[in-house]
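The values are calculated or read from the model by the stated rules, or taken from the named source; none is laboratory data. Only a predicted model underlies this, so the values are computations on that prediction, with no experimental measurement involved. As a convention, Cβ positions derive from the backbone with ideal geometry for all residues, glycine included, and neighbour counts pool all protein chains shown. In case anyone asks, the SASA skips ligands and DNA or RNA and just uses the protein heavy atoms, side chains included. Shrake-Rupley method; radii C 1.70, N 1.55, O 1.52, S 1.80 Å.
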Amino acid sequence: MKMLILGFLTPWAAYALITLLHIILPARKMKGYVKNETTGEILNYRLNGILVLAASILIWFLLGYFNLVPFNWLYQVRWASLAGAVVIGLLFSFIIVLRCPSTGKPFLADFWFGRLKNPQIKNGFIDAKMWFYMIGAIMLQLHVLSFAAHHCQIHNGINPGFYLGAAMLTWFVWDYLTFEKVHLYTYDFIAERVGFKLGFGCLSFYPYFYAVSLWFTVNLPDPGHPTWLTIVFGVLFLMGWITARGANMQKYFFKISPEKKFIFIKPEAISGGDYSLLANGYWGLSRHINYLGEITMACAIALSAGYPVVIGVWLYPLYYVILLGTRQLDDDKICKTKYGELWDTYTKKVKYRIIPFIW
């Protein structure tokens with residue numbers, strides 16, 4: 001019973017500590033892309049996710065090194081910890097929705113999608129969306145480290161593919177928090193509101209579910225795959241990352257400096273009125289080429305441990321297919337409303353939705 005209680009309280013303590021680190025550690029202050037819905041002013045942000053991540057990992061290591069908390073603690077209490085995170089996610093979702101006036105839509109729609117678009121505390125000292133993603137990313141990293149430590153203890157570290165999957169997820173986390181400012185220009189910050197989908201997703205779903213391939217393979221031995229196959233999975237992940245990160249960076253540079261080249265690619269845009277749409281490079285291949293990169297990385301993570309017949313490892317890629325497949329439909333509707341005929345011109349030039357030359 002004591003283990004269950006401590007496990008349930010673990011995410012509460014972890015999230016509080018991460019929030020405290022976010023408050024006290026130095027941060028880069030900058031303006032974003034989206035505007036305050038009331039004043040029309042561009043929102044301010046404090047960005048220090050990479051420092052908070054490094055400090056959190058250091059604390060995790062010190063707790064394990066001095067035998068205060070086992071290195072594999074998050075594995076030991078994984079189910080109780082998940083229950084605690086679910087309660088946090090539900091509580092936050094109800095609070096953030098109920099304290100705000102209705103949008104005029106049914107309550108279930110407001111609860112799922114949210115009512116506030118970009119809630120902040122003290123003019124960006126803490127931004128809800130950045131806090132969500134930082135909490136989710138850092139907790140995911142701590143899960144990866146804990147599961148890797150457990151795998152090492154029971155198998156003496158003999159499955160290189162399992163560690164490759166852990167390394168891929170680690171890369172995913174560090175990459176996201178390294179490029180925090182770039183994500184201020186993405187769909188989540190521009191279009192989404194804060195409700196159950198985003199709040200519960202980042203506090204309860206993201207930090208636990210994204211490591212699902214590790215959950216299903218942590219206790220399995222080395223499948224004995226040849227080294228070259230493990231390398232192939234690593235290359236597949238790298239290709240996905242180059243696609244997703246490259247596309248996001250190209251769009252970011254286009255938004256802050258429309259004439260600037262990105263990796264020798266001179267931007268070509270379709271313009272009309274006050275708007276311009278990037279239509280070459282990554283964004284000339286498909287309208288959501290970054291989603292292809294994300295799905296590719298998820299597939300590489302699923303494959304890395306060497307157990308493709310274990311259905312559970314495919315839950316993460318399947319989730320991305322469903323999430324991003326529906327998101328691109330919503331995004332296209334938003335763009336059609338915003339850009340009008342310009343969007344029609346763009347879609348005639350860039351015909352494919354996600355997969356170039358296929359769909």
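Points worth noting:
- Qualifying residue in the range 72-85 (condition: outside any helix (DSSP H, G or I), surrounded by 21 or more Cβ atoms within 10 Å (Cβ to Cβ) and in contact with a His (Cβ under 9 Å, 6 or more places away or on another chain)): yes
- L323 being open to solvent by less than 70 Å² (accessible area, probe 1.4 Å), in contact with a Leu (Cβ under 7 Å, 6 or more places away or on another chain) and modelled with pLDDT under 85: no
- Of all residues making up the range 141-161, the number that are touching an Asp or Glu at 6+ places or on another chain (Cβ under 8 Å) and either farther than 23 Å from V69 by Cα or not in a helix (DSSP H, G or I) (or both): 4
- Test set (1) free of Cβ contacts under 8 Å to residues at least 60 places away in the same chain; (2) of a type in the set (F, W, Y); (3) open to solvent by less than 70 Å² (accessible area, probe 1.4 Å) - F61 fails condition number: (3)
- Given (1) touching an Asp or Glu at 6+ places or on another chain (Cβ under 6 Å); (2) crowded, with 22+ Cβ neighbours inside 10 Å; (3) not aromatic (F, W, Y), number of the condition K117 does not satisfy: (2)
- All conditions in (1) touching a Pro at 6+ places or on another chain (Cβ under 8 Å); (2) closer than 20 Å to F8 by Cα; (3) among the polar types (S, T, N, Q) hold for S93, with the sole exception of (1).
- Residue among Y291, Y307 that is among the aromatic types (F, W, Y) and part of a helix (DSSP H, G or I): Y291
- Residue, surrounded by the most Cβ atoms within 10 Å (Cβ to Cβ), within the range 276-307, restricted to residues that are among the hydroxyl-bearing types (S, T, Y) and modelled with pLDDT under 90: Y282
- You will find that of F179, F200, the residue that is open to solvent by 10 Å² or more (accessible area, probe 1.4 Å), modelled with pLDDT of 90 or more and of a type in the set (F, W, Y) is F200 and no other.
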